[in-house]
Amino acid sequence: MNERFRSIWPVLLLVAIVGYAVFSWSTGGLVRVLADGAGAMGDNEASLEALRQVLSRWGAFAPAVYVAAVVVEVLVAPIPGTLLYAPAGALFGGLQGGALSLIGNTIGAAIACAVGRSLGEQAVARRLEGSRLAGHVEAIRARGFWVVLLLRLNPLTSSDLVSYTAGALGVPVSRVALGTFIGMAPLCFAQAYLAEQIFRILPGAVWVLIGAGLIYVAFLVVWLTRRKSGTP
């Protein structure tokens, strides 16, 4: 019974988080405010004010609520989460805002990886056993920490997809969490300290960021496929 629970608890936790996200979205809560803010980058003042009003209801618990919202975003939203983290700097200050975003990212990545392992690791292993792709999967497992870290340095990498996939491929949760923590730290703190400046420059530079992000991922894919074993 305990063994079975250990294998399904990540899925049960994800279901609970998705349920909260749906509720928060439908009732105009924090999840809805964050998502609306990311989609209206040109109206940053209104977005920040809406977020400030929602968080003010929680008083001293506002930082913890923001971390929980980042965790929800990592697990549920199919968009690059870094587009949502600049408001933390405007609301909590650069140091605390960056730390809150980083903590939420790390927790969310660990949960997503655990869910991926619970749902997909055995299925992927059976499907790829004896195939030509098996060597590439082994390379990713061996370099799991470095792969996650390098992907996290890309500001447009979708945290949830990377973490779920890493888990399904058998990368340990600890490596995904550590790679996320180190790789996301520069971005989280940079966005928190720049805060509103990011909202002003991002609308005009978004296509440049997308292009650079795609090129970065392409080079990483080449690196993975050319080296099937060992460590960097």
Exercise for the section: Output yes when any residue across segment 41-50 is under 16 Å from Ala110 (Cα atoms) and at pLDDT below 85, and no when none is. Expected result: no
Problem - Of residues in segment 101-138 being modelled with pLDDT of 70 or more and of a type in the set (S, T, N, Q), the one farthest from Ser174 (Cα to Cα) - result: Ser101
Problem - Residue check for Gly98: at pLDDT below 85 and under 18 Å from the mean Cα position of the chain (by Cα) - result: no
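The values are calculated or read from the model by the stated rules, or taken from the named source; none is laboratory data. All of these numbers come straight from a predicted model, not from anything done at the bench.
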